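Read through the structure below, which is laid out as structure tokens, and then see the notes.
The values are calculated or read from the model by the stated rules, or taken from the named source; none is laboratory data. Just so it is clear, the model here is predicted, and its values are computed rather than measured. Cβ atoms come from the backbone with ideal geometry, glycine included; neighbour counts cover every protein chain shown.
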Amino acid sequence: MIEGKILPSERPGHVLMENWNPLGAIGIISAFNFPVAVFGWNNAIAMICGDVMLWKGASSTSLCSVATTKVVASVLEKNGLPGAISALCCAGADVGNAMSEDKRLSLVSFTGSTQVGNKVSTIWVANGFFYLFVQYSRCFPQGPGKKKNEYCK
């Protein structure tokens with residue numbers, strides 16, 4: 001465990017404790033509508049803890065994923081660390097499924113549709129995994145003239 005902060009709480013007589021626990025290898029699966037930020041947040045926290053990452057970006061944003069990975073690898077290598085600490089695989093749902101089922105990944109962070117998030121969650125529960133972070137991103141307009149509430153049901 002890496003030492004974290006102890007912060008005051010709004011509840012009298014309580015505190016908030018932040019603990020950083022290395023997990024080993026983690027997976028990050030990000031959605032098309034937020035392709036780099038989710039990776040950045042998860043990747044930064046994982047690196048602080050000493051974890052290695054396997055990132056599967058959305059297949060429709062593979063150029064963003066490749067460019068981001070090259071920048072991260074360059075920074076790591078300039079600081080004497082192997083760029084492979086933060087690895088990328090560009091592929092479709094088959095790789096996301098494989099990552100969801102791979103017991104070598106101690107944690108999978110998933111951001112995407114409710115349908116796929118439910119599938120990832122089901123796989124993790126069935127395999128007895130403990131750490132899973134799922135964030136659904138189903139509310140977004142789908143074209144000209146569409147209103148947000150037409151998709152958020």
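Every condition in (1) out of contact with any Gly (no Cβ under 8 Å at 6 or more places or on another chain); (2) under 19 Å from residue 110 (Cα atoms) is met by residue 30 except one, and the failing one is (1). Can you find even one residue in the range 140-149 that is touching a Ser or Thr at 6+ places or on another chain (Cβ under 8 Å) and at pLDDT below 85? There is no residue in the range 140-149 that is touching a Ser or Thr at 6+ places or on another chain (Cβ under 8 Å) and at pLDDT below 85. Against the list (1) of a type outside the set (Lys, Arg); (2) in contact (Cβ under 8 Å) with a residue 60 or more places away in the chain; (3) not in a helix (DSSP H, G or I), the condition residue 91 fails is (2). Within the range 52-68, is even one residue part of a helix (DSSP H, G or I), touching a helix residue (DSSP H, G or I) at 6+ places or on another chain (Cβ under 7 Å) and modelled with pLDDT of 90 or more? Yes, the range 52-68 has at least one match. Here the condition is being among the small types (Gly, Ala, Ser) and surrounded by 20 or more Cβ atoms within 10 Å (Cβ to Cβ); of 59, 86, 74, it holds for 86 alone.
For the range 96-114, the criterion of a residue being surrounded by 15 or more Cβ atoms within 10 Å (Cβ to Cβ), at pLDDT below 90, assigned to a loop (DSSP other than H, G, I, E, B) and of a type in the set (A, V, I, L, M, F, W, C) is satisfied by at least one position. Summed over the range 5-40, the residues that are surrounded by 12 or more Cβ atoms within 10 Å (Cβ to Cβ) and not in a loop (DSSP other than H, G, I, E, B) give a count of 10.
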